[in-house]
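What follows is a set of notes on a single structure, which appears directly below.
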Amino acid sequence: MADDHDVLVVGGGIVGLATAYALTRARPGLRVAVLEKESAPAGHQTGRNSGVIHSGVYYRPGSLKARYATEGAAAMVRFCQEQGLPCEVTGKLIVATEAAELPRLAALAERGRQNGIPVRELTQRQISEYEPEVAGLAGLHVATTGVCDYVAVAGRYATLAAERGAELRTGAEVRAIDRRPDGVTVRTADGTELRCAVLVNCAGLHSDRLARLAGDDPGLRIIPFRGEYYELAAHRRDLVRGLVYPVPDPAFPFLGVHLTRGIHGDVHVGPNAVPALAREGYDWRTVRPAELAATLGFPGAWQLARRHWRYGLGELHRSLSKPAFTTAVRRLLPAVTAADLVPAPAGVRAQAVARDGTLLDDFAFAGFDPDRPGSPRRLVHVLNAPSPAATASLPIGREVARRALAALAAEE
């Protein structure tokens, strides 16, 4: 079979575009195309977040998240500076608001040091030097955290890849994947057939579905969690100077309601985390029965619910009650009122969940692996890449490109 492309990348979010960018840099002349089902790239996880460049302080030492976030944060700042994109290294505060959080704050400081991240432990008085309106018993200052515009970053990845010959096809939803000994054929919603030697799955919210469509069992399910945001009203933005986070609960992968002054001056407040009723369920009105039934039919979803139902009820309460959400914010920012909070667009996190209900807490890849003899040929899957994937997009893109190029070389 004559291939139309050497590598097809499914998914035009920041990870898919970073992969295309890495592929075209690593091998000039490579025939690469990115298939994006929406009319423009970066419309889902990439374009629906607060733009934070994460330092890597939260993640288990030695994990991919720890390695790629710390490496990726520095690389993201350099990339934005080189490309003239908006970016600022602001640092951030992590604040303990009750005594029970103090041991976790100390453990977080030690984890940051193990990950090579500069952290400064703060007293109650020192917190006010950074954020006069923030309340806390103690805090950490993490110097390497920043903010940028990830839609602009993704757009620049696309532009740079296109300058090296890559093609971005929008409105190209993948409906069928046919694996053959001599290549892979992809059929899109409009009936177009595209052939390639290697297929890369960077489909985010749909990555597990694409893996199954290709005949691979990922052994997990993407469970969509909606993160709902407010913004501070324009006349109240001076309440927050930079980035302020609570001490996270280590039993859950979400960071809790936090305060983020974005690169364009707006101050995001949130998100919470509630199960979405569709993979792209950005509000309670969006329900896709087939997707919801698939989630409810997955054993891991019920195990997850049993394990975290108390936490989930609290998140649900804050979703349905603005006063409850305001109360959560006031733990960090006592001066805020419900009238100060203006609704902002929500995001949906593509969280991979195992059949036993375990939330995958690290980036996860599957398919061809040059370090694992006998791994499946011709396909590379990115199965779990929620936050901090945007921060880590450059090293993630390089790793996915490495696997794809090795898969291509194995067929040549």
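Nothing in this text is a laboratory measurement; each read-out follows from the coordinates by a stated rule. A quick note: this is a predicted structure, and the numbers were derived from the prediction, not measured. Positions of Cβ are generated from backbone atoms using ideal geometry, with glycine treated the same way; all protein chains shown enter the neighbour counts.
Here is the result for the range 72-106: no trypsin sites (Lys or Arg not before Pro) lie in DSSP coil with at most 14 other C-beta atoms within 10 angstrom of their C-beta. When cysteine pairs in the chain are screened for C-beta atoms closer than 4.7 angstrom, the residues that find no partner are C196, C202. Over the range 239-329, the pair-distance histogram of Cα-Cα distances with 10 Å bins from zero comes to 14, 38, 35, 12, 1 percent, rounded to whole numbers. If I model a spin label as a point 7 Å beyond the Cα along the Cα-Cβ vector, how far apart are those points for A335 and E82 in nm? Rounded to a tenth, the inter-label distance reads 4.1 nm. Roughly how many Å is it from the Cα centre of the range 36-88 to that of the range 112-172, as a whole number? Distance between centres, Cα-based: 7 Å. You can think of it this way: the chain between Q114 and R372 has 90.0 nm of extra reach, that is 0.36 nm per residue less the Cα-Cα gap. Taking 7 Å steps out from each Cα toward its Cβ at A106 and A406 produces label points 4.2 nm apart. Dividing the radius of gyration of the alpha carbons in the range 291-359 by their Kirkwood radius gives 1.09 for Rg/Rh.
Here is how the number arises for the chain: DSSP H runs of 4 or more residues each give -39500 (n - 2.57), the sum is divided by the residue count, and the result at 222 nm is -10000 deg cm²/dmol.
Over the chain, the hull volume per residue, using the convex hull of the C-alpha atoms, is 136 Å³.
Under 5 Å between amide hydrogens, built in the peptide plane, is the criterion, and for V336 it picks out nothing among residues at least 5 positions away or on other chains.
Considering only C-alpha atoms, what is the centroid distance from the range 323-384 to the range 180-208, in Å? The range 323-384 and the range 180-208 have Cα centres separated by 25 Å.
Potential lengthening of the chain between W284 and A26 amounts to 88.5 nm, from the contour at 0.36 nm per residue minus the alpha-carbon distance.
May I ask you to derive the FRET efficiency for E193 and D249 from their Cβ-Cβ distance with R0 = 56 Å, giving the value to the nearest 0.05?
Numbers: r = 47 Å, r/R0 = 0.85.
It comes to 0.75.
With a Förster radius of 45 Å applied to the beta-carbon distance between L137 and A162, the computed FRET efficiency rounds to 0.30. Points 7 angstrom from Cα along the Cβ direction at H235 and R355: gap in nanometres? Taking the two extended label points, one gets 5.8 nm. Fully extending the segment from T327 to W309 would add 4.4 nm, taking 0.36 nm per residue of separation and subtracting the current Cα-Cα distance. The alpha-carbon of K65 sits under 22 angstrom from the alpha-carbons of these lysines, leaving out residues fewer than 8 places away in its chain: K92.
Express the Stokes-Einstein translational diffusion coefficient of the range 11-66 in µm² s⁻¹, to the nearest whole number, given a Kirkwood radius over alpha-carbon pairs, 25 °C and a viscosity of 0.890 mPa s. In µm²/s, the coefficient rounds to 182.
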